[in-house]
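Note sheet for the following structure.
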Amino acid sequence: MAARPQSSVVAAARACALSRHTAARVSLRGRQPWQARSIATTFLNKKAEGEERWAIRAEKIRNGEIRHVWDILEERGYIKDVAGKPDQIKEIMRIKRIGAYVGIDPTADSLHVGHLLPMMPLFWMWFHGHPAALLIGGATARIGDPTGRLHSREVMSNGEIGKNITKLHYQLKRIWANVHKLKEKYGYEEDWAATHRLLNNSMWLQSLTMYEFLKRLARDTRIGPMLSRDTQKNRVKRKMTDGDGMSLGEFLYPAFQGWDFWYLYSKLGIQMQIGGSDQYGNIVAGCEAVKTIRHSEEAPHARMPTTWEHEPLGFTVPLLTDSSGAKFGKSAGNAVWLDEFKTPAFDLYGYFMRRSDDEVERMLKLFTFMPMDKIKDLMAEHAKDPSKRVAQHQLAFDVVSLVLGSQQALEEAQQHSFRFGGEMPKIDKVPPPESGIITPNNAPRSDITLPRSVMQFSPAKLLYAAGIVSSGAEGQRLVVAQGAYVAGAPGQKKGLVPGNLSWTPMQMWFPGEANKFLIDDKYLILRKGKHNVRIIEIVSDEEWKESGKVYPGEAYTGKVRMIREAIMKRNAEQGLEMGGKELNKMVRMAAEQQERLTAGPNGEIELPTKDEVRQRKSSHSKRPPSW
């Protein structure tokens, strides 16, 4: 078939887009003001331009001018099992800007290396213009995916789920921020239409009624076909014979995951699901659920198209195993966490440094965005002297850059004594701590503990105790300006809804009123700005005292008080008597000595204290004039 001229493709795309937008405007004009929301012309124009760009791209792929992203995913080894026909999937991805998503259940308070693998093809698709979404299963975590398990997951408390959702949310935001930097580094163009989202299925599953679930999905779903699939049949058989049996919730888990797919498909145009190698059964069930729900729509005007280019799709990535062949995960006890407080950055870097020469090329393809020709050149350089472990260093550097940022990756590379050929890789510098600027890659540790007595503090003192502000006065100003937030339902009426992550501004409450925002009477979640978060675990005052920890502003732990007590104790041991004025002077001198600033390469220059500066100014003012 002869290729159509590019100009005709653009004209057809523009005409099609404008006709749809005109129809939308006409339909909106015919409705009452309270029945529809107006759409800005700028948005319609940007949407039409995005469709034009995609039509041009589709024609270039047809003519062989640029590569199809599906071919890139196959070449790098991301595709294992496919839900759909590969040739049909390629054509759908060529002619449509379909979105894709990866789901993660918050069953732990951190992601691990195994979670990165299904995310990588999602990022690659986003690089090439496809919308992308990461979905946190705030609702489905309460059921638990039974895949590959003989025993049901332990029931998680509301507090645990709330803590895990918060930590995963900010961990994924950090990864997205680093993906933006890597996209820029490797020269991929920005595309307004290639959106990316971070979602939580509690947004729609908590409002899903049993009636709607039964009417739209369960009524037309047959148990026979479900059990006939090898994945579901093996899952049920193993749980029933070798495990502790299967609950109704576990049996319906794929149906709820399918409802997630339907929501994203119908609301956001997400047509593809990507999952781990053990998720093929859930993905197939999700595709069938989308078709079933789509077919069950009773209102003719709301029915969605069912032609081949609108089919739900999906694929799985290969299984990532450790050196013994065991699957990665917290259940297996071999997880390499992406939280630097659970697996330090040095250990994460070291894990990839220890990859054998036989597997490093495959892992470079799976876990980095390096072009294939660059990987080929790197492996050729590595083969000249494998003892230098050049390939392993590049692999570790790129993965840590993705997870923790390139500055952290460079620091770990230097700690591992790696020489970058005399030229350091490009990094994005993180503002120093003294700047006060918080970014995803330099945010302080989020999970801390505090004694229960702090719950009787005012909001300002509570923020100070959590380390979010540097003083009670700053906390007061922040609360008055409504710049501090607590995880809870809007309106300051109650705490966080289980499975959700919503924020409400802190107010000048009476001391003790913060107790209503405790989750399970154990967790309190506070935030300042976009990235400065504290997940506070409340412990008893006795347990806090035994730990020996001190929080900012804690009574009887001030620096001056501790210096005074130390001096008085030393004087008592030596039998010395000291007057009040003399004692105060010694305390002030000792405190200033601790605060003395230094300068120079090795800190050999001591700068004067504030008291010394005042004394010098006073002595200069008392000198008689020289004339």
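The values are calculated or read from the model by the stated rules, or taken from the named source; none is laboratory data. Quantities reported herein were computed from a predicted structural model and do not represent experimental measurements. So basically every Cβ, Gly included, is an ideal-geometry build from the backbone, and we count neighbours across all protein chains shown. With ligands, DNA and RNA removed, areas are computed over all heavy atoms of the protein, side chains included. Shrake-Rupley method; radii C 1.70, N 1.55, O 1.52, S 1.80 Å.
Annotations
- Inter-label distance for residue 42 and residue 157, nm, one decimal - labels placed 7 Å from Cα along Cα-to-Cβ: 4.8
- For the stretch 257-327, the solvent-accessible area with a 1.4 angstrom probe is 41 square angstrom per residue.
- DSSP bridge pairs, the stretch 43-316: antiparallel proportion in percent, nearest 5: 10
- Calculated accessible area for the stretch 447-556 comes out at 47 Å² per residue, all protein chains present (probe 1.4 Å; ligands, DNA, RNA ignored).
- Computed with a 1.4 Å probe over protein heavy atoms only, the accessible surface of the stretch 345-420 comes to 45 Å² per residue.
- Computed in the context of the full set of protein chains, the accessible area of the stretch 447-556 at 1.4 Å probe radius has 53% of its extent on carbon or sulfur.
- When each of the peptides 380-387, 198-205 is scored by the mean number of other C-beta atoms lying within 10 Å of its residues, the order from highest to lowest reads 198-205, 380-387.
- Percent carbon-and-sulfur accessible area, the stretch 43-316, ignoring ligands, DNA and RNA, probe 1.4 Å: 52
- Annotation: for a label point projected 7 angstrom from Cα along Cα→Cβ of residue 267, residues of the stretch 101-128 with backbone N closer than 20 Å are 101-106.
- Each Lys and Arg contributes +1 and each Asp and Glu -1, all at the Cβ; summed about the Cα centre of the stretch 345-420, the dipole is approximately 80 debye.
- Loop-located trypsin sites (Lys or Arg not before Pro) in the stretch 243-320, at most 11 other Cβ atoms within 10 Å (DSSP): none
- Over the stretch 447-556, relative contact order from alpha-carbon pairs under 8 Å, at least 6 apart, %: 35
- For the stretch 43-316, with +1 on Lys and Arg beta carbons and -1 on Asp and Glu, the positive-most of 158, 272, 169 along the dipole: 158
- Here each label is just a point 7 Å from Cα along the line to Cβ, and for residue 88 and residue 516 those points are 5.5 nm apart.
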